[in-house]
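Peer 1: This structure is in structure tokens; I'll ask about it shortly.
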Amino acid sequence: MRLRDTTVIFLCAFLGMMVLFMHLPVFGGPYEDIQEGQVDWTCSMPLLSLAPADVDIDKVREAVDDALVTARTTGQSYVAPESRHPLCGGLARTQVVLALLALAGAFWRGRRWWRSTEDARAEKRFKRLHESVSNPQGRSRLFR
């Protein structure tokens, strides 16, 4: 399948912007001693979390233990505590690199397309100029 250059440019730019501004919620599995579903892991937007502060896993474990004890004593359902995932910084940096690669690809492909269509654009401009000079009565004085 052969895609047009403008389609490839749009796709690369769109994917680059999506990766740059959206967080990927990929953390749902177990991490160290914390089982799956015990903590609601979050990550912020990649541009805002390139170098986040370290997450204290011991405090997260304490919050999980407190939530488990509260759920057992009150008989209510378990409410998972929220915490930023310790690997968010690495994921954010990876996302920024991927977004920059996609945007660089869009820029490269756009420049290549712009240069390849340069002759056609020049011919259109020349044709319009030639038509306006050869037929001066066809247009009003305002647009000459």
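Peer 1: How much length would be gained if the chain were fully extended between H130 and W114, taking 0.36 nm per residue of separation minus their Cα-Cα distance, in nm to one decimal? Please report the intermediate quantities before stating the final value.
Peer 2: Working: separation 16, 0.36 × 16 = 5.76 nm, distance 2.35 nm.
Extra length available between H130 and W114 comes to 3.4 nm.
Peer 1: Still on this structure: Helix 5-21 against the longest principal axis of the chain: what's the angle in degrees, Cα atoms only, rounded to the nearest 10?
Peer 2: 30
Peer 1: State the dimensionless ratio Rg/Rh of the chain (Rg: radius of gyration of Cα atoms; Rh: Kirkwood radius).
Peer 2: Details: Rg = 28.1 Å, Rh = 20.2 Å.
In the chain, Rg relative to Rh is 1.39.
Peer 1: Moving to a separate point now. Could you check the simple spin-label distance between E82 and F14, using points 7 Å along Cα→Cβ, in nm with one decimal?
Peer 2: About 3.1 nm separates the two model spin labels.
Peer 1: Let me ask another. For the pair V69/E123, report the inter-label distance in nm, with labels modelled 7 Å from Cα in the Cβ direction.
Peer 2: 8.0
Peer 1: Calculate what fraction, in whole %, of the accessible area of the chain sits on carbon and sulfur atoms when a 1.4 Å probe is rolled over the protein chains. Don't skip to the end; give the middle numbers.
Peer 2: Details: 6540 of 10950 Å².
For the chain, the apolar C and S fraction of the accessible surface comes to 60 percent.
Peer 1: Semi-axes, largest first, in whole Å: what does sqrt of 5 times each Cα gyration tensor eigenvalue give for the range 8-75? Walk me through the numbers on the way to the answer.
Peer 2: Details: eigenvalues 242, 37, 18 Å².
Output for the range 8-75: semi-axes of 35, 14, 9 Å.
Peer 1: Which whole-Hz ³J(HN,Hα) couplings does the range 62-74 yield from phi under the Karplus relation 6.51 cos²θ - 1.76 cosθ + 1.60, θ = phi - 60°, glycine and proline marked x?
Peer 2: Each residue's phi maps through the Karplus curve to give 4, 5, 5, 4, 4, 5, 5, 5, 4, 5, 6, 6, 8 Hz.
Peer 1: Choose one of P52, V133, Q38: the residue whose Cα lies farthest towards the positive end of the charge dipole of the chain (beta-carbon charges +1 Lys, Arg; -1 Asp, Glu; about the Cα centre).
Peer 2: Working it through, the farthest residue towards the positive pole turns out to be V133.
Peer 1: Suppose only helical runs count, i.e. DSSP H with n ≥ 4. What mean residue ellipticity at 222 nm does that imply for the chain under -39500 (n - 2.57) per run, divided by all residues and rounded to the nearest 500 deg cm²/dmol? Don't skip to the end; give the middle numbers.
Peer 2: Working: 4 runs with 81 residues, N = 144.
It comes out at -19500 deg cm²/dmol, rounded to the nearest 500.
Peer 1: Still on this structure: Find the relative contact order for the range 35-144 and round it to a whole percent, using C-alpha pairs within less than 8 Å whose residues are 6+ positions apart.
Peer 2: Values: 64 pairs, mean separation 33.3, N = 110.
Computed over the range 35-144, the figure is 30 percent.
Peer 1: Still on this model: Quick one: which of 90-103, 61-74 comes out on top by average Cβ neighbours within 10 Å, and what's the full order, highest first? Don't skip to the answer; put the middle values down first.
Peer 2: Details: 90-103: 16.3, 61-74: 12.6.
With the highest mean Cβ count within 10 Å placed first, the list reads 90-103, 61-74.
The values are calculated or read from the model by the stated rules, or taken from the named source; none is laboratory data. This structure is a prediction, so every number in the text was calculated from the model and none was measured. Cβ: placed from backbone, ideal geometry, glycine included. Neighbour counts: every protein chain shown. With ligands, DNA and RNA removed, areas are computed over all heavy atoms of the protein, side chains included. Shrake-Rupley method; radii C 1.70, N 1.55, O 1.52, S 1.80 Å.
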